[in-house]
Amino acid sequence: MTKKNLIVFGTRPEAIKMAPLVKAFEQEKNFETRVCITAQHREMLDQVLEFFEIKPHYDLDLMRPNQNLYTLTATIIESMKPVLEDFKPDFVFVHGDTTTTMAAALSAFYSGAKVCHIEAGLRTFNKRNPFPEEINRSIAGRLTDFHFAPTVTSRNNLLRENVSDKNIKVTGNTVIDALLFSVEKLSKNSYSDPEIEDLKKTIDFSKQIILITGHRRENHGQGFIDICKALKEIAIRNPQIQLIYPVHLNPNVQKPVYELLDRVSNITLINPLSYPAFVWLMEKSYLIITDSGGVQEEAPSLGKPVLVMRNTTERPEAVEAGTVILVGTNTEKIVSETERLLNDKKHYETMSKTHNPYGDGKACTRILEFIKSK
Ligand code: UD1
Ligand code: UDP
């Protein structure tokens with residue numbers, strides 16, 4: 001009998017990490033699979049849909065400028081009702097730790113569908129950090145029937161919360177499936193990308209490139225002011241390097257970043273890049289400074305050291321493997337760890353070894369096999 005899957009996502013990172021699963025299910029004749037986007041993000045989500053050629057069946061179109069958590073949560077739950085009543089899925093797939101994840105998981109539970117959580121079991125055990133993601137992921141976990149944990153560490157977190165082992169599958173992170181797909185596409189001579197051509201024209205790639213991203217809610221305000229101070233100091237003290245920062249569209253990020261960094265000659269501020277252009281730029285970079293979850297999972301596959309501008313992490317694997325260092329938002333620490341990587345070649349080589357604890361690119365195959373057995 002054909003089973004019905006609904007795959008739900010709303011933000012850029014969820015879209016990147018769910019895209020390979022959508023592609024994998026499209027090949028499966030025993031499932032009818034539909035995609036529902038909440039569009040908690042708009043432009044940054046549409047960039048991903050375009051690259052992976054995904055046409056959603058349901059687009060809730062919810063993003064509003066500078067949206068708040070209360071309204072977003074409430075409208076997702078309300079808007080999911082007609083979708084779930086129309087399609088009546090057997091399985092609803094959600095991903096990660098966003099407001100979309102938590103609200104869609106709750107809606108799916110109300111509908112009676114089985115909840116499948118991709119990237120399950122990551123924990124900092126600090127309910128306010130990352131905010132509100134730690135709690136979003138925990139709530140989604142409580143509502144979940146089948147947990148797809150990227151690593152053994154995340155599986156063990158779930159076991160400690162008394163989740164039954166038979167409902168957990170360790171798969172690796174689907175972001176590596178997406179990354180390998182993109183690296184392969186980029187390597188084809190036939191592939192041409194206007195954003196990449198534009199970067200080649202505007203950036204001096206004979207310089208060492210430091211790539212920056214940042215958006216976390218707990219860093220809004222003073223955190224971003226301290227981050228910008230650090231980036232400015234790094235740029236002024238090291239004129240031989242070039243910093244490139246695709247700035248997240250959240251106004252709480254855009255405002256301080258453009259106000260504080262717009263006039264520094266070796267810092268280039270640009271709009272968020274499409275996924276292939278960003279992967280291309282990661283490959284061209286010497287090191288990456290970020291507070292992003294996804295970027296710190298991708299970078300070890302490309303052999304790029306990462307300084308993570310956060311105080312806690314639900315991704316301890318790369319820190320333990322030595323490819324990632326937590327620097328928080330402390331200005332001095334960001335500057336000193338960056339300069340250490342610029343000046344200490346041995347330290348750089350140790351951190352840039354290509355070892356990825358997050359997966360081998362076959363996560364979606366494992367998820368599919370597990371669901372087929374249900
Ligand atoms: C959200 C997620 C966060 C995730 C991040 C990935 C929550 C609470 N936060 O944070 O977990 O790590 O996405 O990037 O779920 N905006 C645009 N266009 C876009 C996207 C955002 O203009 O394509 C602006 C809008 O003004 C929007 C604001 O950014 O209201 C905030 O978006 P929101 O999804 O609420 O928060 P993020 O900081 O993006
Ligand atoms: N990314 C992108 N374009 C950019 C910056 C990042 O496509 O300009 C990708 C990046 O490769 C990673 C994902 O977006 O896969 C991370 O998204 P984000 O940092 O917004 O969210 P997080 O992973 O922290 O939840």
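Here, each number is a calculation from the coordinates, and none is a lab measurement. Predicted model, so just to flag it, every value in this text is computed and none were measured. Here the Cβ positions follow ideal geometry from the backbone for every residue, glycine too, while neighbour counts run over all protein chains shown.
What ranking of LEU84, LEU260 emerges when the number of other C-beta atoms within 10 Å of each C-beta is taken as an exposure proxy, fewest first?
LEU260, LEU84
For the peptides 214-221, 357-364, what is the packing order when you average, over each peptide's residues, the other Cβ atoms within 10 Å and list the highest mean first?
Descending mean neighbour count gives 357-364, 214-221.
Once you order the gyration tensor axes a ≥ b ≥ c over the Cα atoms, which shape class does segment 46-96 get: rounded for a/c under 1.5, otherwise prolate or oblate by comparing a/b with b/c?
oblate
Before rounding to the nearest 500, sum -39500 (n - 2.57) across all DSSP H runs of length at least 4 in the chain and divide by the residue total; then give [θ] at 222 nm in deg cm²/dmol.
Result for the chain, helices only: -15000 deg cm²/dmol.
Skipping prolines and chain starts, which residues have an amide H placed within reach, meaning under 5 Å, of the one on ALA113, given they are 5 or more residues away or on another chain?
none
Report the charge-dipole magnitude of segment 234-374 in Debye, nearest 20, computed about the Cα centre from +1 at each Lys and Arg Cβ and -1 at each Asp and Glu Cβ.
It works out to roughly 180 debye.
Out of VAL152, MET102, TYR70, whose Cα points farthest toward the positive end of the dipole of segment 41-166 (charges: +1 Lys, Arg; -1 Asp, Glu; placed on Cβ)?
So the residue furthest toward the plus end is VAL152.
Cut-off under 25 Å on the C-alpha distance; same-chain residues fewer than 8 positions from LYS346 excluded. Which lysines are left, in chain and number order?
LYS207, LYS284, LYS304, LYS333
With +1 on each Lys and Arg Cβ and -1 on each Asp and Glu Cβ, how big is the dipole of segment 142-246 about its Cα centre, in debye rounded to the nearest 20?
Rounded to the nearest 20 debye, it is 240 debye.
Rank by packing, highest mean first: peptides 151-164, 17-30, with packing defined as the count of other Cβ atoms within 10 Å averaged across residues.
Those peptides, ordered most packed to least, come out 17-30, 151-164.
Using the membrane-span-like helix rule (whole DSSP H runs, Cα extent along the own axis of at least 24 Å, mean Kyte-Doolittle hydropathy at least 1.0), which helices of the chain qualify?
none
Roughly how many whole Å is it from the C-alpha centroid of segment 199-222 to that of segment 35-50?
About 22 Å separates the Cα centre of segment 199-222 from the one of segment 35-50.
Packing-wise, with mean Cβ within 10 Å as the measure, how do 42-51, 250-259 rank, highest first?
Going from most to least packed, we get 42-51, 250-259.
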